[in-house]
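Colleague: Attaching a single structure in structure tokens format; questions to follow.
No value in this document is a laboratory result; all are computed from the given coordinates. Only a predicted model underlies this, so the values are computations on that prediction, with no experimental measurement involved. For neighbour counting, all protein chains shown are included, and Cβ atoms are generated from backbone atoms with ideal geometry for every residue, glycine included.
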Amino acid sequence: MAEQNFPQGQLMAGKRGLIMGVANKNSIAWAIARQLSAQGAELAFTYQGDALLRRVKPLAESVGSDILCECDVTNDDTMDATFKTLKDKWGKIDFLVHAIAFAGKDQLAGSFIENTTREGFKSALDISAYSFVDAGRRAAEIMNDGGAMVTLTYLGSERVIPNYNVMGVAKAALEASTRYMAADLGPRQIRVNAISAGPIKTLAAAGIGSGRHMFRFNKAASAMQDNTDPMGVAGAALYLLSDLGLSCTGETHHVDGGFHAIGMPQEGPLRESMPD
Ligand code: NAD
Ligand code: 0WE
């Protein structure tokens with residue numbers, strides 16, 4: 001799965017962009033980075049804090065990237081420095097990948113109404129939604145007309161997923177921000193889209209209590225009877241960030257094996273696994 005090679009091509013030849021949100025080789029942002037690199041893109045990466053540099057540096061080097069910026073999206077100085085580095089090194093960029101989300105662990109369990117605190121709400125929306133608006137504005141300042149931006153979202157924005165809680169609210173804000181950003185940047189032919197991925201085993205999905213049940217349920221109840229392959233998310237990102245995606249903007253595109261399209265699963269393994 002994650003070790004598969006991407007076919008080489010030229011869809012991103014001559015394009016340069018920033019990837020935000022690689023933590024390790026399982027990160028969705030890393031699958032996207034490899035796909036874009038295989039199509040000739042030149043990449044820069046951000047990493048969150050020194051602890052992650054050890055993991056991100058060899059990955060960046062493996063796709064020939066030597067632009068690595070420490071960036072915590074809650075810290076304006078590191079945001080300023082990241083986009084200044086890009087301006088100094090490249091002048092212009094063509095795309096932005098935003099794959100960042102965080103809510104306090106105490107906010108991602110149990111009752112939404114009881115457990116969501118003012119601070120937890122603020123911080124989840126700041127890191128997971130505002131950061132795309134902020135990075136998008138800074139990226140647009142140095143982006144060629146005709147460029148594109150992509151963020152990652154999840155179905156918990158549209159429907160209740162147990163324990164996703166305030167992250168669902170943050171993802172709803174992220175998707176709405178995507179539409180407003182698309183409207184503002186549309187006249188410059190800059191496109192802004194979101195990919196709504198099904199559950200994928202990454203660091204961000206590892207910490208969740210109900211993980212086993214969620215992966216089993218998604219597999220059983222999706223149209224394709226399988227979990228989401230990060231390669232499919234990377235393919236969607238390639239489409240949206242390349243000129244294949246012309247005229248597509250303000251969209252939330254689901255890559256989840258069709259889970260979002262199902263109202264009620266067929267009788268079968270899922271039904272049989274549930275007690276009456
Ligand atoms: P991941 O843990 O690999 O990536 C999350 C990234 O967010 C990490 O690189 C982390 O460093 C970064 N981050 C968190 N707080 C930050 C901050 N303050 N400043 C800078 N960076 C910060 O996990 P992932 O699953 O690849 O997550 C990437 C995106 O995909 C997230 O937006 C997530 O919500 C979304 N997503 C994930 C799934 C899934 O099931 N894994 C499904 C749909 C959408
Ligand atoms: O967006 C996400 C996860 C984002 C996330 C993960 C963590 C774990 C560690 C945000 N904040 C934190 N904070 C931590 O302390 N996903 C789409 C993956 C995910 O997370 C869930 C899910 C799914 C799917 C949490 C509960 C229920 C389902």
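Colleague: Putting +1 on Lys and Arg Cβ atoms and -1 on Asp and Glu Cβ atoms, find which of 139, 181, 13 reaches farthest to the positive end of the dipole of the chain.
Modeller: Highest projection toward the positive end goes to 13.
Colleague: Between residue 10 and residue 114, what is the FRET efficiency for a Förster distance of 51 Å, r being their Cβ-Cβ separation, to the nearest 0.05? Walk me through the numbers before you get to the answer.
Modeller: Details: r = 53 Å, r/R0 = 1.04.
Efficiency for this residue pair is about 0.45.
Colleague: On the first, second and third principal axes, largest extent first, how far apart are the outermost C-alpha atoms of the chain in Å?
Modeller: Projected onto its principal axes, the Cα set of the chain covers 63, 43, 40 Å.
Colleague: Before anything else, pin down the relative contact order of the chain: Cα pairs under 8 Å, at least 6 apart, normalised by residue count, whole percent. Write out the running numbers ahead of the final one.
Modeller: Values: 516 pairs, mean separation 49.0, N = 276.
It rounds to 18 percent for the chain.
Colleague: Pairs of alpha-carbon atoms within less than 8 angstrom and 6+ residues apart define the contacts here; what relative contact order does the stretch 44-157 have, in percent?
Modeller: 27
Colleague: Let me ask something else about it. Mind listing the long-range amide H neighbours of residue 93? Cut-off is under 5 Å, sequence gap 5 or more, other chains count too, H placed in the peptide plane at 1.01 Å from N.
Modeller: When sequence neighbours closer than 5 places are left aside, the close amide H contacts are 143, 144.
Colleague: Still on this structure, I have one more. On a full-extension model of 0.36 nm per residue, what is the gain between residue 62 and residue 216, subtracting their alpha-carbon distance, rounded to one decimal in nm? Before the final figure, lay out each step's value.
Modeller: On the way: separation 154, 0.36 × 154 = 55.44 nm, distance 3.35 nm.
Gain in length upon complete extension: 52.1 nm.
Colleague: If I stretch the segment between residue 87 and residue 223 completely, what's the gain in nm (0.36 nm per residue apart, minus their alpha carbon distance), one decimal?
Modeller: Details: separation 136, 0.36 × 136 = 48.96 nm, distance 4.42 nm.
Value of the extension gain: 44.5 nm.
Colleague: Among the helices of the chain (complete DSSP H runs), which have Cα atoms covering no less than 27 Å along the helix axis and a Kyte-Doolittle mean of at least -0.5?
Modeller: Correct list, ordered by number: 165-185.
Colleague: So if R0 is 41 Å, what FRET efficiency would residue 74 and residue 267 give, r being the distance between their Cβ atoms, rounded to the nearest 0.05?
Modeller: The value I calculate is 0.30.
Colleague: Another question about this same structure. Normalised by the number of residues in the stretch 133-276, what is the relative contact order in percent for Cα pairs under 8 Å and 6+ residues apart? List each step's numbers first, then the result.
Modeller: Values: 202 pairs, mean separation 39.1, N = 144.
Once normalised by length, the contact order is 27 percent.
Colleague: Can you flag which of 57/89; 25/201; 25/92; 15/92 are past 20 Å Cα-Cα?
Modeller: Beyond 20 Å: 25/92.
Colleague: Magnitude of the Cβ-charge dipole of the chain, K/R +1 and D/E -1, about the Cα centre, nearest 20 debye?
Modeller: Details: 26 positive and 30 negative charges, 49 e Å.
Using only the charged Cβ atoms, the result is roughly 240 debye.
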